[in-house]
Amino acid sequence: MIASAFTAFQSSDFKIAENYSVTFDGGDPAGEFRGLKGVIRFDPGNLDASLFDVSIDVATINTGNGMKNTHAKSDKWLDAEKYPEIKFSSNTVVKTAKGFEAIGMLDMHGVQKEISMPFTFENNVFKSGFEVNRLDYNINTAEPEHGAAVLKVDISVTVTK
């Protein structure tokens, strides 16, 4: 019975529940994104079969200020019209002392960079926290001192089968 439950766990993808949270904080700016979608396949017993291939809708940014939202979506910042999604696709998932790490490509504002995304998985909730330097992704490089360069990203995603 345990083996069959483990096999079922291995073979299916997770569905992203609506109560997820993707926030960013650099002091100014700070806010959240909605519009998370994609494939989450995770098996702690077979990390080689695990995969994160997810995206966020840039136009869903919410800083709590309508003018800042408009500015963040403009071509001076995230350019939501030209680059409508922020994407992450893992190449490798490994076990760490504190949980797991997904290593893959973060595609933002037309720039792809490999990042390591540490995460935990407990009670069907993935949690991750990492930093992204917006200047590495050519976001508002004309005004590098305008707003924080390094943003702390926190992700909490409840999943279901």
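If you go through the stretch 134-158 and pick out every residue that is of a type outside the set (Ser, Thr, Tyr) and modelled with pLDDT of 95 or more, you end up with 6. Only residues that are open to solvent by less than 80 Å² (accessible area, probe 1.4 Å) and within 21 Å of Glu85 (Cα to Cα) were counted across the stretch 114-125, and they come to 3. Selection of first residues in the stretch 13-36 that are open to solvent by 30 Å² or more (accessible area, probe 1.4 Å) and of second residues that are among the charged types (D, E, K, R) and part of a loop (DSSP other than H, G, I, E, B), restricted to Cβ pairs under 8 Å at least 6 apart or on distinct chains, gives the following pairs, ordered by first then second residue: Lys15/Lys161. Residue pairs whose Cβ atoms lie under 6 Å apart, separated by 6 or more positions or on different chains, with the first residue in the stretch 114-131 and on the phi < 0 side of the Ramachandran plot and of a type outside the set (A, V, I, L, M, F, W, C) and the second at pLDDT below 95 and in a strand (DSSP E or B), are Glu131/Val150.
Taking the criterion of being open to solvent by 70 Å² or more (accessible area, probe 1.4 Å) and under 19 Å from Leu106 (Cβ atoms), the only residue of the stretch 74-83 that qualifies is Lys82. Here is a check on your reading of the model: is Thr92 open to solvent by 60 Å² or more (accessible area, probe 1.4 Å), modelled with pLDDT of 95 or more and not in a loop (DSSP other than H, G, I, E, B)? Spelling it out, Thr92 is indeed open to solvent by 60 Å² or more (accessible area, probe 1.4 Å), modelled with pLDDT of 95 or more and not in a loop (DSSP other than H, G, I, E, B). Scanning the stretch 95-106 for residues being farther than 21 Å from Asp25 by Cβ, surrounded by 17 or more Cβ atoms within 10 Å (Cβ to Cβ) and in contact with an Asp or Glu (Cβ under 8 Å, 6 or more places away or on another chain) gives a total of 1. I need the full set of residues from the stretch 130-150 which are open to solvent by 30 Å² or more (accessible area, probe 1.4 Å) and assigned to a strand (DSSP E or B), in order please. If the condition is that a residue be open to solvent by 30 Å² or more (accessible area, probe 1.4 Å) and assigned to a strand (DSSP E or B), then Glu131, Asn133, Val150 are the ones that fit. Evaluated against (1) under 16 Å from Pro29 (Cα atoms); (2) surrounded by 15 or more Cβ atoms within 10 Å (Cβ to Cβ); (3) out of contact with any helix residue (DSSP H, G or I) (no Cβ under 9 Å at 6 or more places or on another chain), Ser50 falls short on exactly one condition, (1). Annotation: Gly66 fulfils all but one of (1) open to solvent by 60 Å² or more (accessible area, probe 1.4 Å); (2) under 24 Å from Pro144 (Cα atoms); the unmet one is (1).
The values are calculated or read from the model by the stated rules, or taken from the named source; none is laboratory data. These numbers come from a predicted model, not from an experiment. Cβ: placed from backbone, ideal geometry, glycine included. Neighbour counts: every protein chain shown. To get the accessible areas, we keep the full protein, side chains included, count just its heavy atoms, and leave off ligands, DNA and RNA. Shrake-Rupley method; radii C 1.70, N 1.55, O 1.52, S 1.80 Å.
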